[in-house]
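Everything below concerns the one structure shown next.
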Amino acid sequence: MILVDTGALYALVDRNDVNHAQAAEFYRRTAGREVFGITLPVLTEAYLLLEARLGIYYADRLWAAVGEGVFEVLPLEREDLLLALDIQRKYRDAGFGFVDATCFALCERHRLRRVFTYDRKHFSLYKPTFAEALELLP
């Protein structure tokens, strides 16, 4: 499974995004061979960005795609939220925030090493307990 971050999800939808072509090509090459997982915080953040920047039509298209199973939604358990808070506190100076920290917590629980993201700053700073580093895609 590949975890998908907000920026990558947004870039897939917004054709004017600087990363759109690369994100779309990566998705085309990878979809069907890999499962793309997202968190509800990522979905919420991407939905709100799309709604604010492109309008409700594009935001709802993302929502529909998730509902149709294009992305697997990874549930956050209480333990994940506590781990995310620990991660946030440990990396306080990095400025991860809730969405990034919950992504890292799910990476830990599911041992997800590969992340589809354009947030190189935060995702390269985080050091998982199960691997030397996260593999940032594309």
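What follows draws every value from the coordinates through simple rules; no lab data is involved. Quantities reported herein were computed from a predicted structural model and do not represent experimental measurements. With ideal geometry, Cβ positions are generated from the backbone for all residues, glycine too; neighbour counts draw on all protein chains shown.
Classify segment 67-124: rounded, prolate or oblate, from the alpha-carbon gyration tensor (a ≥ b ≥ c, eigenvalue square roots; a/c under 1.5 rounded; otherwise prolate if a/b is larger than b/c)?
oblate
So what is the calculated 222 nm ellipticity per residue for the chain, using -39500 (n - 2.57) for each DSSP H run with n of 4 or more, over all residues, to the nearest 500 deg cm²/dmol?
After summing the helix terms and dividing by residue count, I get -17000 deg cm²/dmol.
Under the classification rounded if a/c is under 1.5, otherwise prolate if a/b is larger than b/c and oblate if not, where does the chain fall, given a ≥ b ≥ c as square roots of the Cα gyration tensor eigenvalues?
In terms of gyration-tensor shape, prolate.
In segment 86-138, which chymotrypsin sites (Phe, Trp or Tyr not before Pro) fall in coil by DSSP and have 12 or fewer other Cβ atoms within 10 Å?
Qualifying residues, ordered by number: PHE130.
Can you tell which of GLY67, ILE38, ASN19 lies farthest toward the positive end of the dipole of segment 12-69, using +1 and -1 charges on the Cβ of basic and acidic side chains (Lys, Arg; Asp, Glu)?
Most positive-ward Cα: ASN19.
Expressed as a rounded percentage, what relative contact order does segment 34-138 have, with Cα pairs under 8 Å and six or more residues apart?
21
With +1 on each Lys and Arg Cβ and -1 on each Asp and Glu Cβ, and nothing else charged, work out how big the dipole of segment 2-137 is about its Cα centre, in Debye to the nearest 20.
That gives segment 2-137 a dipole magnitude of about 300 debye.
Can you order the peptides 51-60, 11-20 by their average number of other Cβ atoms within 10 Å per residue, highest first?
Packing order, densest peptide first, comes out as 11-20, 51-60.
Using amide H atoms built 1.01 Å from N in the peptide plane, name the residues 5+ places from LEU74, or on other chains, whose amide H lies under 5 Å from its own.
Under 5 Å from the amide H of LEU74 lie the amide H atoms of ILE38, THR39, LEU40, each far enough along the sequence or on another chain.
What is the Cα centroid distance between segment 102-138 and segment 54-77, reported in whole angstrom?
That distance is 21 Å.
What distance in nm lies between label points placed 7 Å from Cα along the C-beta direction at ILE56 and GLU25?
Between ILE56 and GLU25, the label points sit 3.6 nm apart.
Enumerate the calculated ³J(HN,Hα) couplings along segment 31-36 in order (Karplus 6.51 cos²θ - 1.76 cosθ + 1.60, θ = phi - 60°), each rounded to whole Hz, writing x wherever the residue is Gly or Pro.
4, x, 9, 9, 8, 9
Work out, step by step, the length gained on full extension between LEU48 and ARG113: first 0.36 nm times the residue separation, then minus their alpha carbon distance; give nm to one decimal.
Residue separation times 0.36 nm, minus the Cα-Cα distance, leaves 20.7 nm.
List the residues, sorted by chain then number, that are 5 or more residues from ARG113 or on another chain and whose placed amide H is less than 5 Å from its amide H.
Sorted by chain and number, the residues that satisfy this come to none at all.
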